[in-house]
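Single-structure report; data block below.
The values are calculated or read from the model by the stated rules, or taken from the named source; none is laboratory data. Please read all numbers here as calculations on a predicted model, not as lab measurements. All Cβ positions, even for glycine, are placed from backbone atoms using ideal geometry, and neighbour counts span all protein chains on display.
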Ligand code: PGA
């Protein structure tokens, strides 16, 4: 990467996300994609089109290895930094773990926890996810807690009400993820109501094949979107975000 990478060591702002802003939360989940060069290209493409607006809170969630680079590139913009996972343990002798304090240290404000790909491929349980949520909250960041229908109640039962109200929930039906077939808007709206009835008045976003064409329908029934495939191209993602102004 051409620009010198140097962490600012502290986040520009650590704010636990509040629905009070009424802005839609749009998160780019890059998953296990992109090298430094690809991230730099994405940033150039995205920033040439992106128009900042009070209607949207935009979060980019790259791999751990890219966090500091994105933090530097995004430092004077309104873009927020997200991580895709966190260790369930605090700082200590946990080889390979990247803990919540370390994420906060490089400017992370939001942490995706319990994504179905982690539940499936890394065998994470709702108990593991609850531990991660606690670590994220104690470091002053906002957990983005991913749930599908069948474990809404189970995930909630492992948290107390104080913890629950500090979370953002992401309703992510597994069949809709990466398939190009989003769940129909009516069903999404119904499940989001159910999630709010269980977790309280928390922001709930939707994820599963959201793109620059359909995003406007989904934000009518949700507080935002978790975007995978359609976030990988910087221009497309800027178009998606700009369409919500
Ligand atoms: P998708 O992924 O947008 O490619 O369906 C969403 C997600 O996994 O969060």
Condition set more than 12 Å from the ligand (Cβ to nearest atom) and under 23 Å from residue 22 (Cβ atoms), scope the stretch 210-223, selection surrounded by the most Cβ atoms within 10 Å (Cβ to Cβ): answer is 222
When the stretch 119-145 is checked residue by residue, the ones that are within 16 Å of the chain's Cα centre (by Cα) and at positive phi are 140
Within the stretch 184-196, of all residues that are within 16 Å of the ligand (Cβ to nearest atom) and out of contact with any strand residue (DSSP E or B) (no Cβ under 8 Å at 6 or more places or on another chain), the one nearest to residue 151 (Cα to Cα) is 187
Subset of the stretch 2-35, residues loosely packed, with under 13 Cβ neighbours inside 10 Å and modelled with pLDDT of 90 or more, comes to 32, 35
The condition from (1) within 13 Å of the ligand (Cβ to nearest atom); (2) surrounded by 22 or more Cβ atoms within 10 Å (Cβ to Cβ); (3) more than 14 Å from the chain's Cα centre (by Cα) that residue 114 misses is numbered (3)
Of the listed residues (176, 238), the one being away from the ligand (no atom under 11 Å from the Cβ) and either at pLDDT below 95 or surrounded by 15 or more Cβ atoms within 10 Å (Cβ to Cβ) (or both) is 238
| task | Please tell me if residue 231 is more than 18 Å from residue 60 (Cα to Cα), within 13 Å of the ligand (Cβ to nearest atom) and modelled with pLDDT of 95 or more. | result | no
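Keeping to the stretch 197-209, report how many residues are more than 15 Å from the ligand (Cβ to nearest atom) and free of Cβ contacts under 8 Å to residues at least 40 places away in the same chain.
Going through the stretch 197-209, the residues more than 15 Å from the ligand (Cβ to nearest atom) turn out to be 197-203.
Next, from what is left, pick out any that are free of Cβ contacts under 8 Å to residues at least 40 places away in the same chain: 197, 200.
Residues flagged as more than 15 Å from the ligand (Cβ to nearest atom) and free of Cβ contacts under 8 Å to residues at least 40 places away in the same chain within the stretch 197-209 amount to 2.
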